[in-house]
Amino acid sequence: MLPFGVEFRPSEPVYEQVMHAAKKAMLAGNLVPGARFPSVRVLSQELKINPNTAHKVVMALTAEGFLLVKPGIGTVVAQLPAGSVQDRAALLNSDVERLLVEAGRLGLSEEQVLAAVRRQWRKLSL
């Protein structure tokens, strides 16, 4: 079982979607520093993606400092510097875009969307 999920959308490259989901899980604390990151094999099998794509994701996350390769242990989540507000907010961009497209399809105004977000925010006590 993966510590993050991906709802694949045909409009975005698979690689970018997996990268986004993994980074989001790390910044949200779902993948804590020192925790083992799924292997390329597990990523490709669980997400039903090409092993080359899974390998590219692991290599990119390692190059960006999100993961560390520890001999004899495997790939683990690195200690991340505290993300800036802008970094964390950027993780929402695609989710917000989907929300706005759906709101437009439903004919909702900006005020109605903001009111719905506020209701959900209070409901979840964030």
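A few points about this structure:
- Test for residue 61: is it under 17 Å from the mean Cα position of the chain (by Cα) and assigned to a loop (DSSP other than H, G, I, E, B): no
- Filter pass, residue 69 being touching a Gly at 6+ places or on another chain (Cβ under 6 Å), more than 26 Å from residue 10 (Cβ to Cβ), surrounded by 12 or more Cβ atoms within 10 Å (Cβ to Cβ) and not acidic (Asp, Glu): no
- Pair list, Cβ < 9 Å and 6+ apart or interchain, from the stretch 1-30 residues that are not assigned by TED's automatic domain parsing to the domain that holds residue 55 to residues that are of a type in the set (Lys, Arg): none
- Selection over the stretch 31-45 of residues that are polar (S, T, N, Q) and either outside any helix (DSSP H, G or I) or outside the structural domain of residue 74 (by TED's automatic domain parsing) (or both) gives a count of 1.
- Residue in the stretch 87-109 that is among the hydroxyl-bearing types (Ser, Thr, Tyr) and within 16 Å of the chain's Cα centre (by Cα) present: yes
The values are calculated or read from the model by the stated rules, or taken from the named source; none is laboratory data. Everything numeric here is computed off the predicted structure, so don't read it as measured data. No Cβ is skipped: glycine too gets one built from the backbone with ideal geometry, and neighbour counts run over all protein chains shown.
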